[in-house]
Every structure is written in C-alpha cells, then in structure tokens.
1. Going through region 175-211 one residue at a time, which ones are at pLDDT 95 or above and either among the β-branched types (Val, Ile, Thr) or out of contact with any strand residue (DSSP E or B) (no Cβ under 8 Å at 6 or more places or on another chain) (or both)?
2. Scan region 158-175 for residues that are in a loop (DSSP other than H, G, I, E, B) and free of Cβ contacts under 8 Å to residues at least 40 places away in the same chain and report the count.
3. Residue check, Ser132 against (1) in a loop (DSSP other than H, G, I, E, B); (2) surrounded by fewer than 15 Cβ atoms within 10 Å (Cβ to Cβ), all met but one. Which one?
4. Among (1) in contact (Cβ under 8 Å) with a residue 60 or more places away in the chain; (2) surrounded by 15 or more Cβ atoms within 10 Å (Cβ to Cβ), there is one condition Phe148 misses while meeting the rest; what is its number?
5. May I ask you to verify whether Phe86 is assigned to a strand (DSSP E or B) and surrounded by 16 or more Cβ atoms within 10 Å (Cβ to Cβ)?
6. Of the numbered conditions (1) assigned to a helix (DSSP H, G or I); (2) under 16 Å from the mean Cα position of the chain (by Cα); (3) under 18 Å from Leu146 (Cα atoms), Tyr122 fails exactly one; give the number of that condition.
7. On the given criteria, is Gly142 in contact (Cβ under 8 Å) with a residue 40 or more places away in the chain, exposed (fewer than 13 other Cβ atoms within 10 Å of the Cβ) and touching a helix residue (DSSP H, G or I) at 6+ places or on another chain (Cβ under 8 Å)?
8. Is there a residue in region 61-81 that is surrounded by 11 or more Cβ atoms within 10 Å (Cβ to Cβ), at negative phi and assigned to a strand (DSSP E or B)?
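The values are calculated or read from the model by the stated rules, or taken from the named source; none is laboratory data. It should be emphasised that the depicted structure is a prediction, and the values quoted were computed from it without experimental measurement. Backbone-built Cβ (ideal geometry, glycine too); neighbour counts: all protein chains shown.
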Amino acid sequence: MESSIIFIVSSTLLLLCSSSAYAKTASPPLLSPTPAPAPAPAYVNLTDLLSVAGPFHTFLSYLKSTKVIDTFQNQANNTEEGITIFVPKDSAFSSLKKPSLTNLTQAQLKSLVLFHGLPHYYTLADFEKLSSSSPITTFAGGEYTLNFTDVSGNVRIGSGWTSTKVSSSVHSTDPVAIYQIDKVLLPEAIFGTDIPPTPAPAPAPDIAPAADSPTSTKSKSSPSTSHDGSSSNRIMTLGTWSHLVLAMTGLLVMFL
C-alpha cells in the first residue's frame with residue numbers, strides 16, 4: 001500500500017518537473033518585424049530657395065503677382081514628375097529694353113512666367129537628350145516651346161527671341177531643379193515671329209600711329225624734303241642767269 005502511494009507521488013512529481021522544464025525551454029514563435037514606412041519627402045519651398053540665391057527678386061515678384069508660384073509649388077511637392085525652372089537674374093530684366101514687358105496683359109505675363117518652367121525634373125546631364133528631342137513644351141503649353149542644345153556640357157536655350165545659356169545650377173535635387181540663365185525667355189507666341197536682327201558688333205576704333213613710327217617719321221620729313229627741292233631749283237635758276245650774263249658781256253667786249 002505504501003509502495004503504491006510512493007509510486008503515485010513520484011510519478012506526479014516527475015510529470016510536474018517535466019512540464020515545467022518544457023515550458024521554460026519552449027520559445028514563442030518569431031514574428032517578422034513590420035517594415036517602417038518610407039519617410040515623406042521634405043517639403044520644397046520655392047520662395048525660400050529663390051530668396052537666398054540670385055538675386056532673383058524680379059522673377060520672384062512676377063511668380064507671386066501672377067500666382068504661378070502656386071502652380072510651380074504644387075508640381076514640386078505633389079507630383080512624381082517634379083519640376084525644372086529657368087530663372088533670370090535681376091540684371092536680365094533691367095537690361096531688357098525691346099520688347100518691353102510693361103505693355104503685356106496679365107494673361108500674357110502669366111504665360112511668360114510659365115514659359116520658364118518644365119513639368120519634369122531634369123538634371124544637367126539630361127539636357128543632352130533634350131537637345132535631340134527639341135522643341136520641348138513648357139508649363140505654358142501649346143506653342144510655348146523651348147529648344148535646347150548641349151555642346152560639351154554647355155547648355156543653351158532658344159526661344160526665337162532669346163538665345164541664352166544655363167550659367168549655373170541653383171538647386172538640383174529631385175524633384176526640383178532650378179537653373180540660372182543670363183536672359184529673359186521671350187516666347188514667339190506673345191511677341192510674334194518678326195524678330196529684329198542681332199545688331200552687328202561695333203567696328204574697331206582706328207589706332208593712331210605712334211610718334212616714332214615710320215609713317216610718322218616719313219610725314220615729318222616730307223616738308224623738309226620739299227623745302228630742299230625748292231632751294232635746289234632756285235640755285236639752278238640763278239646759275240643759268242649768271243652764265244647768260246657772262247656770255248652777253250663777252251660778246252660786247254669782242255665787238256668793242
């Protein structure tokens with residue numbers, strides 16, 4: 001009887017120990033971690049970028065007055081295509097005489113500002129491909145197109161009225177590229193196709209000869225040469241008359 005009780009108690013303790021050991025060694029199933037969401041791209045503030053570079057105050061004022069800044073800002077931050085903007089410096093506007101922007105309507109001025117943007121992000125290396133795909137449509141659409149040429153990394157932009165170069169990169173990080181240009185882009189759709197010819201370069205000024213140049217020496221010596229010639233002529237004339245006088249005197253002596 002006692003042996004049966006001891007056996008039962010031993011078996012019970014053995015089961016309890018085994019269950020406890022299994023519970024300690026058994027590990028819970030591993031769960032794969034949930035990937036963290038990709039960080040949202042930083043908001044690009046075009047006003048801030050243009051305010052600290054350039055100076056681009058004139059172009060920035062046109063962006064704001066025509067509300068084009070809202071169009072460009074939305075393209076930069078809410079699309080996958082990105083944006084490329086060509087920005088003239090303040091000196092480009094101040095040097096613009098003809099045609100003038102003062103006579104443009106508000107709609108024409110807005111189209112002109114939109115003409116300075118492309119609805120896609122382009123690096124400097126991309127312009128080589130654009131040169132073979134020209135003309136390229138701008139934000140103004142329709143006939144508002146630009147032609148690009150890339151010669152050994154020197155990018156030039158043509159708009160009919162304007163031929164200018166990309167002089168520097170202000171900002172080039174996807175999705176926004178901003179490039180500085182030397183002139184205001186003037187579209188034919190606004191100013192027409194009667195483009196005045198490029199004025200010929202001014203002729204080089206005449207350079208006066210140096211004081212010790214051969215020409216100067218020759219010109220200085222010519223009066224003295226002329227004077228010497230006149231003196232010799234007078235001497236020859238006096239000699240002739242003296243010979244005639246002597247001859248007449250000799251004849252008179254013979255007759256007398």
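1. Hits for region 175-211 are Val176, Ile178, Ile181, Val184.
2. 1
3. (1)
4. Evaluating Phe148 over (1) in contact (Cβ under 8 Å) with a residue 60 or more places away in the chain; (2) surrounded by 15 or more Cβ atoms within 10 Å (Cβ to Cβ) leaves (1) as the failure.
5. Spelling it out, Phe86 is indeed assigned to a strand (DSSP E or B) and surrounded by 16 or more Cβ atoms within 10 Å (Cβ to Cβ).
6. Exception for Tyr122: condition (1).
7. Working: in contact (Cβ under 8 Å) with a residue 40 or more places away in the chain: yes; exposed (fewer than 13 other Cβ atoms within 10 Å of the Cβ): yes; touching a helix residue (DSSP H, G or I) at 6+ places or on another chain (Cβ under 8 Å): yes.
Here the answer is yes, as Gly142 does meet what is asked.
8. No, every residue in region 61-81 fails to be surrounded by 11 or more Cβ atoms within 10 Å (Cβ to Cβ), at negative phi and assigned to a strand (DSSP E or B).
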